[in-house]
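Nothing in this text is a laboratory measurement; each read-out follows from the coordinates by a stated rule. Everything numeric in this text was worked out from a predicted model, so none of it was measured. When we count neighbours, we look across all protein chains shown, and the Cβ atoms used for this are built from the backbone with ideal geometry, even at glycine.
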Amino acid sequence: MALRAGRGGTGRGTLFERESELAAVDEALGELTGIPHGSDPPERPHGALLAVAAPAGLGKTTLLAEVRKRAAARGCTVLYARGGDQEQGVAFHVARQLIQPRLAALPEPELRARLGSWYAIVGPALGLCAASDGAPPDPQGLRDGLDWVLTHLAVRSAPMVLVLDDAHWADPESLGWLAAFAPRAEELPLLMVVAYRPEELPEHGEALRGLPGRSGQRPLGLEPLSAPAVARLVREALGAHADDAFCRECWAVTAGNPFEAVELTAKVHDRGLAPTESGAHLLRDLAAAVKGSGLIARLERLGPATVRFAWACAVLGTEISPELAAGVAGLGAEEAADAADRLRTARILTGEVTAAGTLEFVHPLIATAVYRAIPGGVRVALHGQAAWTVLNAGLGPAAAARHLLETHPDGDGWVVKELRAAARETIRAGAPDAARRYLARALREPPPFEDRAAVLYELGSASLLTEPATTVNHLRAALEETVTDPALRHGIVYRLSQVLAHSDRLAEASEILAREIRTTDDARVRLRMQAEQFMWDAFRADEPDSPARSRRLARLADRLPGRDLTERYIIGLRTWDATLRGEPVDVVLRHAERALEGGLCWAADEDRGFEVPVLVAMAFMYADRPGRTEELFVDGIADFERAGWHGAHLSFAYTLLAYVRHRRGRLAEAEDFVRAGLRLARRVGPGTPAHWYASGTLIEVLLARGRVAEAEEAARTHGFGPPFPAAVVFPDAQTVYGELLLALGRTKEAAAELGAAGRRLDPRGMRNPGWCPWQLHLARAEAHDAPDRALALAHDAVERARHFGAPSAIGQALRAAADVSPRSERAKLLEESVAHLERSPAGYELACSLVALGAEARRGGRAEDAADHLYRGLETAADCGADGLVERARDELAAAGLRPRPLRGAATDALTTRERAAAACAVRGLHPAEAAAELHLTEPDVVRLLSAVYRKVGTDQAGLAAALHT
């Protein structure tokens, strides 16, 4: 393929030997517009992906120019961007080229309305607005926002064609986003066309190699032109009289490279050389002047001022401002305009030297050759001058930073200041990797002694999410510096403890805080550090004296009024500690409400994390108020969404919301939520706390649904098994693993794991079976080989559950006790279990106890009672989505000689008229017998109505009035 005038030339153009590539383009455009075959009836339009992979000079840009031309002719909206060799380190450079022209002209109110909640997240990255205060978005949240913006544009401006040239030079942030987005093109009215040099792809661009050329095919490759094609090109440019020998020599000296062939014909034309065999011997020297040393020699003949201007342009990269280039070159306006004219005439530059115009190199090969020809010392100086120039032009520190990266360290405080400012700007825009590059360079400058700790702190903060080990090193180094600013030192300590904790190094996190607490004079700072230490100790599996920590926490929390966030965090931690220890549920709820009185924003401060608000919300669930938990999670997820936190934060939120749904017996919804959480956890990485939480919850849900083999496969796929994390997770990973082994019939292995879980948790005072039911599962695992020990375990669990007081915990423990008790005692225990669970929101646990009670009644010959309990258990299990339990109930009915009734339609959250009436009676404090008399129902009918109310509303009897009011 070739175009008569190359990238920036003029004259008519013809494509050669690219028929198959153009056919693929036309086919894709036809499918995009719904008119695949000219005037055929329109079909349903759909998008596609075209990737073009070829070495330099083979015509990728010319092909993409033809794509843009044909797309515009079909009425398509065209987005265009081009990677730049000098701009690879500028975060979102390509994304801005693509999207900014479509949105930048909108008035701010309209832009806010167009972007909605994504305005503050994607606006700074796209250069549409300044970053707001508050925590910056995480990279995944920003990618999700860019996905939304591009999807919105594609639908609003359909059909749309996105063209990215020189993708191998795209910045990592843009390239990673587009590579992940590309598979979605087929679902949208969007054709994505990407061109790159395969041999120059950087490591962060490897994802491009997997992009198909067309509907799953390999990328389109471009071959050098054949001798006949070069002959046609030469004759089109120079005239039909060009003879065969001349044309063949043109092909030989260019090796069929379209760019070199076009440039060679231009040189022949400019020299007035006759295209005949007699002049063919001159072609090799002319071809040498097109690139490499020949090009540089030609440039040098244009004069020193022109050379300096060309060097300045090469340093600035793409979309070159003539005014900036003049400033970098140290030329006046008239001298710069003359230099630009000479460079255009020499086919080195193209573009207009006007206030609104921009210059470009005719081809990236020329830009690269010019840049590499700049003497090393001069190149460094030009980058330094470029940094000054772009700052003086008001383009900001981030625009100057890429030039400062190319300068030599020289102990210049100004360089450090600008690089730190660029890092702040970049990290606020959601590009921590770019910020790290700037801060690492600032550290090498080096900074003034008094600023070194601050630079290390900022560098560590920028690495927080993606490189925890590196972050620890930077922050430890910062602490070793002489830090005169107390606020800076405190910030370093908070960040260091946070990253250590998130790296499963909780003991070190606690020790760092303990040392600092001893040396801190400020009482409020000391209280904040105590709160942080209490939190990380609560998650430590190896804490040496948990009961002592619990006592200290209780004494402190009980005397704090909750006047600020630190005090409320401590009260929130007291709430969680009471939950783990199994203190009475009234104590848990009292502290939870105290913690919430002044608010616990989940995304208010990235230094504080979101752990305490999550723990307070989960305490409500364990206290049989899951409806309240879900309300708090809805608000928390909204906080995460507004902040653009779509990585580990959102993974935790979806996973724990799934766990709440599991506890309520909404197993299908729980599975949907946990799979969403697991997808997000995989983005964060394997072995992280988010991954442990998500995989453990998924296994719990699958076991509850009766899909044991699938749960086993999930454990294998996600590496869920020993060794378990040092941090406390919930559901407890070792207990879940033991439950899985028990379901698989591997009782001895299950008993070993569950016994180990108990030996780990009990000494720490974590005795609440409602939080971790290791005793219940261990009792079942040991029932055959050690029945007395199993019974003792179950009875102890019942006593612990009664002390806690949540009906769901008591009911679940009573059923486990029935499972391992003598047959004569089982019915009574199961009846009590059902009675407690009927007063709780735990639908799945109620279904289990009803089916167990029905089975026990059948074995005892009480057919009527068996039928009643089994039918109720069957319907409740079906409502929960517990397919395995449904089959068990049906088997029991069949064994009793009873037919299963047709199942009702899926249950809804809406209360029926009778349920509302029963709930109103309960709120008034009426006993079920009194309510039955008032409603003209039987007492069992009222009990069942109220049980449905508790499950639907998500509360127990004590919380019903508040839940109904909400």
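For Arg540, the residues whose amide H sits under 5 Å from its own are Val728, ignoring neighbours fewer than 5 places away on the same chain, with H placed 1.01 Å from N. Distant-in-sequence amide contacts of Tyr80, defined by a placed amide H-H separation under 5 Å and a gap of 5 or more residues or a different chain, comprise Val163.
Near Lys267, once Lys and Arg are set to +1 and Asp and Glu to -1 for all other residues with Cβ below 11 Å from its Cβ, the sum equals -1. Most tightly packed first, judged by the mean number of other beta-carbon atoms within 10 Å of their residues, the peptides 701-709, 787-795, 117-125 read 117-125, 701-709, 787-795.
I need the shape label for the range 366-440. Rule: rounded when a/c is under 1.5, else prolate if a/b > b/c, else oblate, with a, b, c from the alpha carbon gyration tensor. Here the range 366-440 falls in the prolate category. If I fit a long axis through the Cα atoms of helix 452-462 and take the longest principal axis of the Cα atoms of the chain, what angle between them do I get, 0 to 90°, rounded to 10? So the helix axis and the longest Cα principal axis differ by about 70 degrees.
Evaluated with a Cβ-only charge set (Lys, Arg +1; Asp, Glu -1), the chain carries a dipole of roughly 440 debye about its Cα centre, given to the nearest 20.
Here the label points at Arg524 and Ala894, each 7 Å from Cα along the C-beta direction, are separated by 7.0 nm in the simple model. Fewest-first ordering of Cys129, Cys772 by other beta carbons within 10 Å of each residue's beta carbon gives Cys129, Cys772.
Of the peptides 284-297, 173-186, the ranking by mean beta-carbon count within 10 Å, highest at the top, reads 173-186, 284-297. Take the Cα of Ser278, go 7 Å toward its beta carbon, and the backbone nitrogen atoms of the range 226-266 under 19 Å from that spot belong to 238-250.
Can you give me the C-alpha center-to-center distance between the range 419-487 and the range 816-836, rounded to a whole angstrom? Answer, in whole Å: 61. When a/c is below 1.5 the answer is rounded, else prolate if a/b is larger than b/c, else oblate, so apply that to the range 19-221 with a ≥ b ≥ c taken from the square roots of the Cα gyration tensor eigenvalues. Oblate shape, in that a/c is at least 1.5 and b/c is the bigger or equal ratio. Residue by residue, the range 412-423 carries 3J(HN,Hα) couplings of 8, x, 5, 4, 4, 4, 5, 5, 5, 5, 5, 5 Hz when phi is fed to the Karplus relation 6.51 cos²θ - 1.76 cosθ + 1.60 (θ = phi - 60°); x denotes Gly or Pro. Annotation for Asp909 and Glu710: the two label points, set 7 Å from Cα along the Cα-Cβ direction, are 2.4 nm apart.
Bridges between two residues of the chain, per DSSP, are antiparallel at a rate of about 20%. Computed from the Cβ-Cβ distance with R0 of 60 Å, the FRET efficiency linking Ala792 to Asp410 stands at 0.20.
Just want the answer: with Cβ charges of +1 for Lys and Arg and -1 for Asp and Glu, which residue in Pro55, Trp148, Ala751 is farthest toward the dipole's positive end in the chain? Ranked along the dipole, the leading option is Ala751. Other residues lying with their Cβ under 9 Å from the Cβ of Ala91 contribute a combined charge of -3, Lys and Arg counting +1, Asp and Glu -1. Rounded to 0.05, the FRET efficiency of the Glu27 and Thr151 pair, given R0 = 35 Å and the Cβ-Cβ distance, is 0.90.
Each residue of the range 858-874 is assigned a 3J(HN,Hα), and the resulting list reads 4, 5, x, x, 9, 4, 5, 4, 4, 4, 4, 5, 5, 5, 5, x, 4 Hz, derived from the Karplus form 6.51 cos²θ - 1.76 cosθ + 1.60 (θ = phi - 60°), x at Gly and Pro.
Note on the chain: helix-only mean residue ellipticity at 222 nm, from DSSP H runs of 4+ residues weighted -39500 (n - 2.57) and normalised by residue number, equals -20000 deg cm²/dmol.
Calculated FRET efficiency, Ala726 and Arg802, Cβ-Cβ r, R0 35 Å, to nearest 0.05?
The computed FRET efficiency comes out at 0.65.
Let me know the shape class of the range 913-965, please: from the alpha-carbon gyration tensor, a ≥ b ≥ c as square roots of the eigenvalues, rounded when a/c is under 1.5, otherwise prolate if a/b is greater than b/c, or oblate. Judged from the Cα gyration tensor, the range 913-965 comes out prolate (a/c at least 1.5, a/b above b/c). The gain in end-to-end length when the Val378 to Asp270 segment is fully stretched comes to 35.7 nm, 0.36 nm per residue minus the alpha carbon separation. Within the straight-line cut-off of under 16 Å between alpha carbons, the lysines reachable from Lys291 are Lys267, sequence neighbours fewer than 8 places apart in one chain being disregarded.
Residue-wise HN-Hα couplings along the range 945-954, as the Karplus relation 6.51 cos²θ - 1.76 cosθ + 1.60 with θ = phi - 60° gives them from phi, are 4, 5, 4, 5, 4, 4, 5, 6, 7, x Hz; Gly and Pro carry x.
Using only the alpha-carbon atoms, how far is helix 747-761 inclined from the longest principal axis of the chain? Give it as 0 to 90 degrees, nearest 10. The answer is roughly 90 degrees. Seen against the Cα atoms of the chain and their longest principal axis, helix 364-373 is set at about 80 degrees. When you count the other C-beta atoms within 10 angstrom of each residue and take the mean per peptide, 832-838, 333-339 line up highest first as 832-838, 333-339.
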